[in-house]
1. How much length, in nm to one decimal, is gained on full extension between residue 102 and residue 72, taken as 0.36 nm per residue of separation minus their Cα-Cα distance?
2. Under the 0.36 nm per residue contour assumption, what length would be gained going from the current alpha-carbon distance of residue 199 and residue 184 to full extension?
3. Could you list the residues of the range 93-136 with an amide nitrogen less than 17 Å from a label point located 7 Å from the Cα of residue 38 in the Cα-to-C-beta direction?
4. Over the chain, with a Gaussian network built from C-alpha contacts below 10 Å, which listed residue (195, 99, 89) shows the highest mean-square fluctuation?
5. What is the Å³ per residue value for the convex hull set by the Cα atoms of the chain?
6. With r defined as the distance between the Cβ atoms of residue 215 and residue 125 and R0 fixed at 41 Å, what FRET efficiency is calculated, to the nearest 0.05?
7. Does anyone have the angle between helix 108-120 and the longest principal axis of the chain? Alpha-carbon axes, 0 to 90°, nearest 10?
8. Radius of gyration and Dmax for the range 1-110's Cα atoms, expressed in Å?
């Protein structure tokens, strides 16, 4: 015989949230023998469930399998809507989307399903994210080594990026960008040359480029 349960949903109170965290909702599922379990759900799902509870869209009591199926469907819909909203603003790496879904409280199976769905549709791609990211960071004055490091933090291996690095920057262009960055930086004695080399290296330019540009800007000017 199908197990029948009662359920109650609560949504989080508005208030302070620690940086990088998202509030969660709670679904309390009680069985006939008095035992109860709590299921944490994303707040968007909790609010939808609360509305369904208020408007009697889902019975209460209800067969447990039917309740769980309804919750699963709501979570998949909410996860897809979240990713659509994210990608409408800018490109994201696959890892960034996964982290966001997990932070909001979506279970692992929903996260995997949603990410694969968007990858299959061509809407989520590390290659496309990297193309936009590299252009942006080059404009901000970062060297290719620093850009590769920042991509790795976002789950993107530059070895998997088509055309890296030659399609994005030739040696002469890299040096020209380093020279433009150095020209806007003021360094003072003592050790102005060493300070400029460290500054350019920290921006992600190779040591050879950093030394060459620092020599031109500091020693030969």
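1. This chain segment gains 9.3 nm when fully extended.
2. Once the chain is fully extended between residue 199 and residue 184, it gains 4.2 nm.
3. The answer is 105-106.
4. For the chain, modelled as a Gaussian network with Cα springs under 10 Å, the answer is 89.
5. Given the Cα convex hull of the chain, per-residue volume reads 173 Å³.
6. 0.50
7. In the chain, helix 108-120 runs at an angle near 60 degrees to the longest axis.
8. Rg then Dmax for the range 1-110, in Å: 15.3, 50.
Values in this text are rule-based calculations from the coordinates and carry no lab data. Everything quoted here is computed from the prediction, not taken from an experiment. For neighbour counting, all protein chains shown are included, and Cβ atoms are generated from backbone atoms with ideal geometry for every residue, glycine included.
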